[in-house]
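So the structure is just underneath, and the comments pick up after that.
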Amino acid sequence: MIRSELIIRLAELNPHLYQRDIECIVNTVFNEITDALTRGARVELRGFGAFSVKKRDARQGRNPRTGKTVHVEAKVVSVFKAGKKLREKVNS
Amino acid sequence: MEQKTVTRADISEVIYKEVGLSRNESSDLLEMLLDEITVSLAKKETVKISSFGTFSVREKNLRMGRNPKTGEEVPILPRSVLSFKPSQILKDRINGKVSKG
């Protein structure tokens, strides 16, 4: 499923809403999660999962093709941990 | 960098303000969105949200694990795990590389 299919599904479930409102809702949800992570905040959606960010220190890496040592800058990565309900649904 | 955790209530509040639905309907829509993603993933479908990231289901094989307390060997059964891969845009944004887009 891709973003546009998600919008179509939600529009089918909500025939009383304009499609552009649904689009706005979908964009709002993912923008809010992105904004929170950008601030360094955690996003917890019980049952679904939690998004958070972790800092990674700078390190010496290696180009696997040439074997040359390269410097890898410190960075922030996002992490998603699936909630219990979602994990169970995926496993059933 | 300690920040208040964002929850469903915060996100539906923004939907309420930006889209002009009632508070109830805003929270219903958020729930439906999460449900649709869950249903897709339960069918082992990949869910790809452009400029955000991709949720996918990976199958794990049976392997032997060990109970760290007793040292006893126990089989870890084949199972499905969920993985989330952030898009390049999300990665850049959380690293402060691009402005809000």
Checking A:Leu17 against (1) closer than 18 Å to B:Ser12 by Cβ; (2) assigned to a helix (DSSP H, G or I), which test does it fail? (2)
Among the residues of region B:1-25, which ones are aliphatic (A, V, I, L, M) and within 19 Å of A:Gln19 (Cα to Cα)? B:Val14, B:Ile15, B:Val19, B:Leu21
Is there a residue being within 18 Å of the chain's Cα centre (by Cα), modelled with pLDDT of 95 or more and at the interface with chain B (Cβ under 9 Å from one of its Cβ atoms) anywhere in region A:10-17? no
Taking region A:42-75 as the search range and keeping residues that are over 14 Å from the mean Cα position of the chain (by Cα) and hydrophobic (A, V, I, L, M, F, W, C), which one is surrounded by the most Cβ atoms within 10 Å (Cβ to Cβ)? A:Val72
Which count do you get for residues in region A:35-50 that are facing chain B (nearest Cβ under 7 Å) and under 15 Å from B:Phe55 (Cβ atoms)? 3
Matching residues in region B:1-36 - criterion: being in contact with a Leu (Cβ under 7 Å, 6 or more places away or on another chain) and more than 8 Å from every other protein chain (Cβ to nearest Cβ): B:Ser12
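Test A:Val70 against the stated conditions and say whether it is more than 20 Å from B:Glu45 (Cα to Cα), within 8 Å of chain B (Cβ to nearest Cβ) and assigned to a strand (DSSP E or B).
no
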Hey, can you tell me all the residues within region B:37-96 that are open to solvent by 70 Å² or more (accessible area, probe 1.4 Å), in a helix (DSSP H, G or I) and within 10 Å of another protein chain (Cβ to nearest Cβ)? B:Val39, B:Ile89, B:Lys91
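The values are calculated or read from the model by the stated rules, or taken from the named source; none is laboratory data. Keep in mind it's a predicted model, so treat the numbers as computed, not measured. FYI the Cβ positions are ideal-geometry reconstructions off the backbone, even for glycines, and counts take in every protein chain you see. Accessible surface is based on the protein model in full, side chains and every heavy atom, while ligands, DNA and RNA are left aside. Shrake-Rupley method; radii C 1.70, N 1.55, O 1.52, S 1.80 Å.
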